[in-house]
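Q: Okay, here's the structure, questions in a sec.
Every read-out reported here was derived from the displayed coordinates using simple, explicitly stated rules and does not represent laboratory data. Fair warning: this is a prediction, and the values are worked out from it, not measured in the lab. When we count neighbours, we look across all protein chains shown, and the Cβ atoms used for this are built from the backbone with ideal geometry, even at glycine.
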């Protein structure tokens, strides 16, 4: 798990959103989250109805996303490259005719595919498709005149505590991975 954490440049990897019908309910939920002993004050924000850029509150770590892009592409690209080379060596060790007839081509092709696969995986990590649902829910709520509470959490314990607190308030809760 620590290896996966090294791929990201963001401080908060998971986010939760909870949609409320009015400001008072949203403020009360946000205040409860802020008072939770494991949550820092900066981890909770609110999106008001009609807010023009709710995405910036759901995903506030723009620099962290760029660091994620660099780190994940570098680490996973190099890892994929080495895995491709290792696979080529294993195939050569089997003595298979297709491998031994052109060992340099085999190594180059498998290294290329390993590098490409690592880069594609890094791109998926950087794009964070799990966040789209949260951004969409926050936008829809803002357009419908509802309030959204956003909680940024560092680990599974904080995520579960925040989810439980928000669910108890009968809010529509969405969470990223």
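Q: With contacts defined as alpha carbon pairs under 8 Å and 6 or more residues apart, what's the relative contact order of the range 58-129 in percent?
A: Details: 73 pairs, mean separation 34.6, N = 72.
Computed value for the range 58-129: 48 percent relative contact order.
Q: List 71, 89 from most exposed to least, where exposure is judged by having the fewest other Cβ atoms within 10 Å.
A: Details: 71 17, 89 14.
The most exposed by this proxy come first: 89, 71.
Q: Also: Which FRET efficiency value, to the nearest 0.05, is calculated for residue 168 and residue 45 with the Förster distance at 25 angstrom and r the Cβ-Cβ distance? Don't skip to the answer; put the middle values down first.
A: On the way: r = 20 Å, r/R0 = 0.80.
It comes to 0.80.
Q: Report the gain in length on full extension from residue 157 to residue 27: 0.36 nm times residue separation, minus Cα-Cα distance, nm rounded to one decimal. Don't jump to the answer; show the numbers that get you there.
A: Details: separation 130, 0.36 × 130 = 46.80 nm, distance 2.26 nm.
Gain on stretching residue 157 to residue 27: 44.5 nm.
Q: Now a separate question. So how much slack lies between residue 78 and residue 38, counting 0.36 nm per residue of separation and subtracting their Cα-Cα distance, in nm? Walk me through the numbers before you get to the answer.
A: Working: separation 40, 0.36 × 40 = 14.40 nm, distance 3.63 nm.
10.8 nm is the gain from fully extending residue 78 to residue 38.
Q: For residue 140 and residue 127 in the same chain, what is the full-extension length gain: residue separation times 0.36 nm, less their Cα-Cα distance, in nm?
A: Additional length available on full extension: 2.6 nm.
Q: If we count other beta carbons within 10 Å of each Cβ, what is the order of 22, 32, fewest first? Intermediate results must be reported in sequence, preceding the final value.
A: Details: 22 11, 32 17.
Ascending number of Cβ neighbours within 10 Å: 22, 32.
Q: For 113, 20, what's the fewest-to-most ordering of other Cβ within 10 Å of each Cβ? Could the numbers behind the result be given before it?
A: Numbers: 113 15, 20 23.
Sorted ascending by nearby Cβ count, the order is 113, 20.
Q: Need one number: nm distance between label points at residue 87 and residue 101, each 7 Å from Cα along Cα→Cβ, rounded to one decimal.
A: About 2.0 nm, to one decimal.
Q: Could you work out how far apart the two model spin labels at residue 63 and residue 113 are, taking each label as a point 7 Å from the Cα in the direction of the beta carbon, and quote it in nm?
A: Each label point lies 7 Å from its Cα, and together they span 4.1 nm.
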